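In what follows, a single structure is set out as C-alpha cells and then discussed.
The values are calculated or read from the model by the stated rules, or taken from the named source; none is laboratory data. Since we're looking at a predicted model, the values are computed, not measured. Backbone-built Cβ (ideal geometry, glycine too); neighbour counts: all protein chains shown.
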Amino acid sequence: MKYEYPAVFYNDCGKIAFHFPDLEGLHSFGDNFDEAILAAEELLSDYFWEQEQNDKVYPSATPLEQVEVKRLQAVKMIYADTDKYAAELATHNEREAILNADNPIRELLDRRHMKIKQLADLLQCHYRTAQDWSLGKSKPPEWCLKLIVDKVLA
C-alpha cells in the first residue's frame with residue numbers, strides 16, 4: 001500500500017532532524033536535507049509495513065497546509081510504499097542468508113535455480129572457476145562475492 005504523511009524538518013546541532021506530527025515517537029535525522037528525506041521515507045515505510053503486519057490502526061494524515069511549523073522549520077510530504085519496502089526487505093534477507101551460508105555460491109545457484117554455466121556466462125568468467133566456487137574448492141574474495149550475489153539478485 002501507499003501512504004503519505006507530512007514530516008517537519010529542522011536543524012538540530014548541525015544535523016537535519018525530522019518528526020511526523022501525526023505519528024507519535026516517529027523521528028530521526030540525516031546529515032543533510034537529502035539524507036533526512038531518505039531516512040524519513042525509509043522510517044515511514046518500515047512503520048507502515050509493521051502496522052500492516054500487525055493489523056494495527058493508524059491516524060490519518062494532516063493535510064500539508066494544516067501542519068503547524070515553527071520558525072526555521074520546513075514541512076514536506078513523505079511517501080511510503082510498503083509493497084516496495086517488503087520486496088526490498090525480502091531481497092536484503094535473501095542476500096544475507098546467501099552470504100552467511102557455508103557455501104554462498106552453491107546457495108545462490110540453488111536459490112535461483114541456476115546452472116554453473118549460467119553463472120559463468122553472467123560473470124564472464126571461466127566455467128571451471130564458477131564450478132570450483134560452487135563445489136567449495138575455492139572461494140571468490142569477500143568483496144567479489146558480495147558483487148556476485150548483488151548481480152545475480154538484481
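Each residue in segment 43-74 was checked for being part of a helix (DSSP H, G or I) and either touching a residue at least 24 places away in the same chain (Cβ under 8 Å) or of a type in the set (Ser, Thr, Tyr) (or both), and 8 of them qualify. Elements of the type helices (runs of 4 or more DSSP H) sitting completely within segment 78-154 and holding at least 2 residues that are out of contact with any helix residue (DSSP H, G or I) (no Cβ under 8 Å at 6 or more places or on another chain) and not assigned by TED's automatic domain parsing to the domain that holds GLU42: these cover 82-99, 116-123, 127-135, 142-153.
If you take the residues in segment 113-150 that are loosely packed, with under 14 Cβ neighbours inside 10 Å and charged (D, E, K, R), which one is nearest to THR91 (Cα to Cα)?
Taking segment 113-150 as the starting set, the residues that turn out to be loosely packed, with under 14 Cβ neighbours inside 10 Å are 113, 115, 117, 121-122, 124, 126-128, 135-139, 141-144, 147, 150.
Filter again for charged (D, E, K, R), leaving 115, 117, 121, 128, 137, 139, 142, 150.
Values: LYS115: 21, LYS117: 24, ASP121: 23, ARG128: 28, LYS137: 27, LYS139: 23, GLU142: 19, ASP150: 10 Å.
Taking the candidates together, the pick is ASP150.
Picking from residues in segment 42-92 that are under 24 Å from the mean Cα position of the chain (by Cα), loosely packed, with under 11 Cβ neighbours inside 10 Å and among the charged types (D, E, K, R), the one that is farthest from GLY14 (Cα to Cα) is ASP55.
Residues in segment 1-41 that are part of a helix (DSSP H, G or I) and without any contact (Cβ under 8 Å) to a residue 12 or more places away in the chain were compared, and the one that is surrounded by the fewest Cβ atoms within 10 Å (Cβ to Cβ) is ASP34.
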